[in-house]
Amino acid sequence: MTKAEIGLIGLGVMGSNLALNIAEKGQKIAVFNRTTSRTTAFAKDAGALSDMIVPCETIEELAKAIRPPRPIILMVQAGAAVDEQIAHLKPVLQANDIIIDAGNANFRDTVRRFKELEGTGLTFIGMGVSGGEEGARHGPSIMVGGAEESYARVEPTLTAISAKYNGEPCSAWLGPDGAGHFVKTIHNGIEYADMQMIAEIYGILRDGLGMKAKEIGEIFHGWNKGRLNSYLIEITANVLAAEDPKTGRPVVDVILDRAGQKGTGKWSVIEAQTLGVPATAIEAAVAARVISSMKDERLKAEAAYGIAAPKLGKEVVADLELALFAGKISAYAQGFAVMSAASREFNWNLPLPTIAKIWRAGCIIRSQFLGTIAEAFGKDASVPNLLMAPAFIGMMKEASPALRRVVARAAEAGLPVPALASALAYFDAYRQGRGTSNLIQGQRDFFGAHGFERIDAEGAHHGPWGSGAE
Ligand code: 6PG
């Protein structure tokens with residue numbers, strides 16, 4: 001019997017769909033799940049694909065079923081479960097076999113696992129897989145970190161199963177060790193910001209203009225034909241149009257306004273802060289999810305302060321599409337700035353144009369907009385920030401006035417728009433040649449003699465307030 005090309009452990013939603021995708025592309029795959037009945041059922045339900053699937057009841061059987069060097073995908077809960085699986089696999093694998101963590105791992109864990117496997121002969125790949133269940137089954141965006149030679153062994157499989165944009169595979173090797181998982185984390189951070197800004201625009205239409213879900217859904221549906229065309233705008237229109245089978249009401253109206261988060265958005269913010277790169281729209285989006293989880297407290301606060309009863313004029317609708325577009329530019333500029341900084345910090349040499357390209361299809365933030373970003377970075381990869389790419393200077397000049405008007409009107413009306421406001425403030429601060437931190441330097445020197453630079457002389461100086469020598 002021909003050996004399997006690759007193995008996979010963990011037949012949950014993502015793992016089973018990824019395995020079916022691999023089998024469908026003609027790559028024989030050996031599969032294992034801790035619960036054997038799950039493995040058996042998976043192989044049985046695979047229908048016409050079952051002859052490309054080798055169900056294995058033990059890890060030993062799994063290893064034996066794969067063509068050396070053996071790549072084995074782990075699609076298990078991020079964290080300790082990955083370390084447990086690595087420990088189980090080590091005794092049954094041989095030199096050059098490859099363990100591939102395809103979960104949403106924290107890249108720092110991936111870097112640690114790389115180091116722990118050094119000298120064992122085994123190699124490791126940290127692989128970000130984006131696109132949810134649909135993506136896993138029919139074509140995700142795949143962000144690979146690891147040794148290039150390890151990638152070479154699995155490249156045909158990953159290219160075959162990845163999403164395609166105009167025929168180009170949305171799968172790439174991005175750099176060593178944790179590079180792939182880091183990029184996936186920032187993808188999720190951008191996803192949080194994108195989703196939050198969309199929710200803020202929804203809030204303006206619902207609370208500021210009293211529109212119903214169906215009508216709002218039609219507006220998003222229309223925007224999906226223009227510059228905001230993207231998976232998130234598409235599904236927003238679908239979610240808003242969906243009816244609750246139980247009540248017949250728009251399902252969005254019966255969903256509790258308390259957002260979950262598995263942690264990748266938070267990690268994005270932690271790493272941005274650690275790198276010293278402002279990611280204010282992503283930070284605002286994570287904070288907004290935390291505030292949304294404080295439902296009881298918010299109800300009490302509403303009772304204490306009264307309900308914001310905003311009434312906005314219909315003219316604001318004309319600004320919303322461009323406002324969201326400007327917010328998106330700012331948020332994506334932040335995400336790419338964090339990746340640039342990480343690339344320098346960890347010496348990864350992250351290919352920003354490639355990252356934008358493999359995000360054009362398959363992943364949750366997929367959109368034609370990413371093609372524009374790929375072009376911008378392709379023209380000049382040294383551009384310090386997307387906001388300084390010529391194409392984006394033009395777009396931001398056109399779109400930012402609408403963002404400004406929308407943030408101002410929402411603020412006046414008491415409608416929370418933290419991500420849109422943060423995106424605007426980031427833009428305003430970034431393009432302000434003479435900011436106000438001269439006053440902060442004065443304050444710091446006044447109370448702490450921390451010294452300051454002068455605009456008319458070199459070196460460190462102190463102010464004439466007696467707290468430090470001039
Ligand atoms: C993706 C998604 C996915 C994410 C879930 C839940 O790229 O396919 O981002 O990786 O884990 O969407 O994420 P949160 O619970 O953090 O929203």
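The values are calculated or read from the model by the stated rules, or taken from the named source; none is laboratory data. A quick note: this is a predicted structure, and the numbers were derived from the prediction, not measured. Cβ atoms come from the backbone with ideal geometry, glycine included; neighbour counts cover every protein chain shown. Note: accessible area is taken over every heavy atom of the protein model, side chains too, but ligands, DNA and RNA are not part of it. Shrake-Rupley method; radii C 1.70, N 1.55, O 1.52, S 1.80 Å.
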| field | Accessible-area value, His462, 1.4 Å probe, nucleic acids and ligands omitted, Å² | value | 40 Å²
| field | Spacing of the two label points (7 Å from each Cα toward its C-beta) at Ile393 and Ala87, in nm | value | 5.7 nm
| If you put +1 on each Lys and Arg Cβ and -1 on each Asp and Glu Cβ, how big is the dipole of the chain around its Cα centre, in Debye rounded to 20? | 600 debye
| request: Place the peptides 219-225, 358-364, 133-139, 117-123 in order of packing, highest mean first, counting for every residue the other Cβ atoms within 10 Å and averaging per peptide. | output: 358-364, 133-139, 219-225, 117-123
| Accessible area of the chain divided out per residue, in Å², using a probe of 1.4 angstrom | 46 Å²
| message | I need the peptides 385-397, 7-19, 246-258 ranked by packing, meaning the mean over residues of other C-beta atoms within 10 angstrom, with the highest value on top. | response | 7-19, 385-397, 246-258
| Nearest 0.05, what FRET efficiency do Ala95 and Lys311 give at R0 = 56 Å with Cβ-Cβ as r? | 0.20
| How many nm separate the modelled label positions at Glu345 and Lys115, each set 7 Å beyond the Cα in the direction of the Cβ? | 1.6 nm
| task | Could you check what % of the DSSP bridge pairs in region 6-177 are antiparallel, to the nearest 5? | result | 25 percent
| field | DSSP-loop GluC sites (Glu not before Pro) across region 2-98, with at most 14 other Cβ within 10 angstrom | value | Glu57
| Gyration tensor (Cα) of region 123-242, equivalent ellipsoid semi-axes in angstrom | 36, 15, 10
| field | Distance between region 227-290 and region 99-122 - C-alpha centres, whole angstrom | value | 29 Å
| query | Roughly how tilted is helix 13-24, in degrees to the nearest 10 and between 0 and 90, from the longest Cα axis of the chain? | reply | 60 degrees
| remark: Nearest-0.05 FRET efficiency for Glu215 and Ala303 at R0 = 35 Å, using Cβ-Cβ distance, is 0.75
| Of Gly146, Gln77, Cys56, whose Cα points farthest to the positive end of the dipole of the chain (charges on the beta-carbon: +1 Lys, Arg; -1 Asp, Glu; origin at the Cα centre)? | Cys56
| request: In Å and from the alpha-carbon atoms only, list the Rg and Dmax of the chain. | output: 25.0, 86
| Counting pairs of alpha carbon atoms under 8 Å apart in space and at least six apart in sequence, what relative contact order in percent does the chain give? | 13 percent
| request: Can you tell me the FRET efficiency between Lys246 and Lys44 if r is taken as the Cβ-Cβ distance and R0 is 30 Å, rounded to the nearest 0.05? | output: 0.35
| request: Give a quick list of trypsin sites (Lys or Arg not before Pro) in region 27-116 that DSSP marks as loop, anything other than H, G, I, E or B, with at most 16 other Cβ atoms within 10 Å. | output: Arg34
| said: How big is the dipole moment of region 185-430 about its Cα centre under a simple scheme where the beta carbon of each Lys and Arg is +1, that of each Asp and Glu is -1, and everything else is neutral? Debye, nearest 20, please. | reply: 180 debye
| Can you give the Kirkwood hydrodynamic radius of region 6-177 from its Cα pairs, in Å with one decimal? | 15.7 Å
| said: Using a 1.4 Å probe on the protein heavy atoms, what percent of the accessible area of the chain belongs to carbon and sulfur? | reply: 55 percent
